[in-house]
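Here is the structure we will look at, set down as structure tokens.
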Amino acid sequence: MIETAPRLRGSSGQLTALLGGMFLGNVDVAIVNVAAPSIRDDLAASGAELELIVSGYALSFAVLLITSARLGEMRGYRRMFLLGLAVFTLASLGCGLAPTPALLVCARIVQGAGAALMTSQVLTGIQLNFREDERSRALGLYAVTLAGSAVIGQVLGGLLVSADLFGTGWRPVFLINVPIGAVLFAIAWSFLPADRGRGAERLDLAGAAVLAAALALLIAPMILGREMGWPMWMRLCLAASLPVFALFVVIERHAARPLVELSLLRRAPVAWAMVAQTTVRATYFAVLFVLALYLQQGLGESATYSGLVLVSWVAAFGVSGPLLGRLPAHLRRSAAPVGNLLLAAAFAGIGLGRWWAATSNGILLVVLLGLGGLGYGAAFSATLDHLTSVVETRHAPDVSGLFNTTLQIGGAVGVAVFGAFYLDLAPTSGREAVAAFSTVAFALAAAALAAAACAQLAIRTTKPPQPPDA
């Protein structure tokens with residue numbers, strides 16, 4: 001049971017620390033993609049090593065989120081946030097100074113573990129220390145940070161590598177985290193409320209080990225499979241993840257203190273909301289991946305252009321959170337399905353790419369991406385608000401761990417499924433690429449419609465509001 005400290009008056013300082021940690025952890029998922037060619041040339045990294053440098057972080061990050069959230073409950077979310085931030089910052093220094101690909105891979109895995117420990121406390125901290133309107137504002141900024149960090153990571157990575165500061169090439173991509181991490185550590189130390197009631201429970205090590213294995217078997221093939229040509233052993237890993245997940249459920253049912261409160265997933269409002277969020281997250285990461293390939297390889301645009309064209313998406317996403325907080329409660333309830341419908345309409349419009357691809361400025365694409373960002377932002381923020389309102393505060397770590405893990409799974413699925421779909425349809429540039437991108441956009445629209453249906457089911461199955469925790 002978590003005991004919350006009284007909320008400090010410096011709530012803006014708390015939010016700066018928490019969202020700053022979230023930003024750092026998620027930027028490093030994307031920032032290395034742009035630096036990969038420079039790393040390969042400088043360290044003479046093999047293809048397999050380069051894949052592990054890029055993907056090792058994402059894998060350890062995704063696998064450890066639920067365990068990290070539970071550690072936050074047991075040992076204090078402030079304590080674990082500070083520890084995760086320190087590990088992430090020191091590992092970033094190790095990445096920036098790594099002399100060999102093998103050491104860089106190891107540092108990236110440790111960096112991902114630190115990011116998981118840090119970011120899994122953010123949603124918990126918001127749910128515990130912000131109430132009512134303040135929580136809605138904080139969740140809106142949380143959503144903006146989470147969505148914007150992926151795009152900013154790609155743009156920032158390109159700028160830092162191109163600048164070649166002091167002849168260091170790719171290394172500032174990691175080293176920039178060190179001073180930022182130090183400043184955030186000082187802010188978090190000063191403003192985050194002290195942990196109370198430190199638990200004496202022991203971590204469910206058996207559950208943590210089996211869950212990590214199940215997530216690794218599921219996510220690793222989706223991250224690495226496309227580049228490696230989907231060898232048989234990867235397909236077997238995917239198949240093996242199902243019985244390992246089943247074993248995890250058995251272990252949790254008999255655990256004295258389970259790693260995850262699986263009973264939450266038996267609540268229809270929670271289960272349908274998680275499915276909706278996973279589905280719509282898949283479309284977001286898919287469009288990031290496929291759009292970059294389409295614009296650069298299909299239409300011959302620059303990497304800078306493919307990054308900047310997404311600014312309208314991020315800007316519109318950022319508007320939706322604050323707007324949602326101003327709506328009456330009965331309208332906020334419908335924001336998730338309506339937002340997903342808006343996203344589906346944007347993808348369908350993009351699917352008519354045979355028209356706007358022929359124009360010289362791509363203005364329609366920018367407008368449609370802005371519409372998609374507005375819809376996704378509304379759906380994301382509303383679903384997050386829904387989850388934090390229908391689940392008791394004592395389950396905040398469970399919500400944080402499950403929510404963040406589903407986001408990582410959704411992102412991996414989106415890139416693996418829709419990315420492979422596009423690459424199979426568009427072996428060349430020109431008309432083939434335009435037709436392939438249009439087809440994928442319509443598929444994304446269908447996925448967004450499915451997410452809208454799931455979000456509506458989450459609302460319809462919600463019981464009347466319960467009294468707040470005593």
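The values are calculated or read from the model by the stated rules, or taken from the named source; none is laboratory data. Worth saying up front: this structure is predicted, and the values here are computed from it rather than measured. Methodologically, a virtual Cβ is constructed for each residue, glycine included, from the backbone with ideal geometry; neighbour enumeration extends over all protein chains shown. Heads up: the accessible areas ignore ligands, DNA and RNA and are worked out on the full protein's heavy atoms, side chains in. Shrake-Rupley method; radii C 1.70, N 1.55, O 1.52, S 1.80 Å.
A few notes on this one:
- Being over 27 Å from A420 (Cα atoms), open to solvent by 60 Å² or more (accessible area, probe 1.4 Å), part of a helix (DSSP H, G or I) and modelled with pLDDT of 85 or more is a condition met by at least one residue of region 190-202.
- Within region 252-278, restricting attention to residues that are part of a helix (DSSP H, G or I) and open to solvent by 40 Å² or more (accessible area, probe 1.4 Å), the residue that is farthest from V440 (Cα to Cα) is H254.
- Cβ-Cβ distances below 6 Å connect the following pairs, each with a first residue in region 172-184 that is farther than 14 Å from A17 by Cα, a second residue that is among the hydroxyl-bearing types (S, T, Y) and surrounded by fewer than 24 Cβ atoms within 10 Å (Cβ to Cβ), and a separation of six or more residues or different chains: V178/T89.
- Any hit, region 389-409, residues being open to solvent by 50 Å² or more (accessible area, probe 1.4 Å), part of a helix (DSSP H, G or I), in contact (Cβ under 8 Å) with a residue 24 or more places away in the chain and of a type in the set (A, V, I, L, M, F, W, C): no
- Lone unmet requirement of (1) under 23 Å from E49 (Cβ atoms); (2) open to solvent by less than 20 Å² (accessible area, probe 1.4 Å) for T119: (1)
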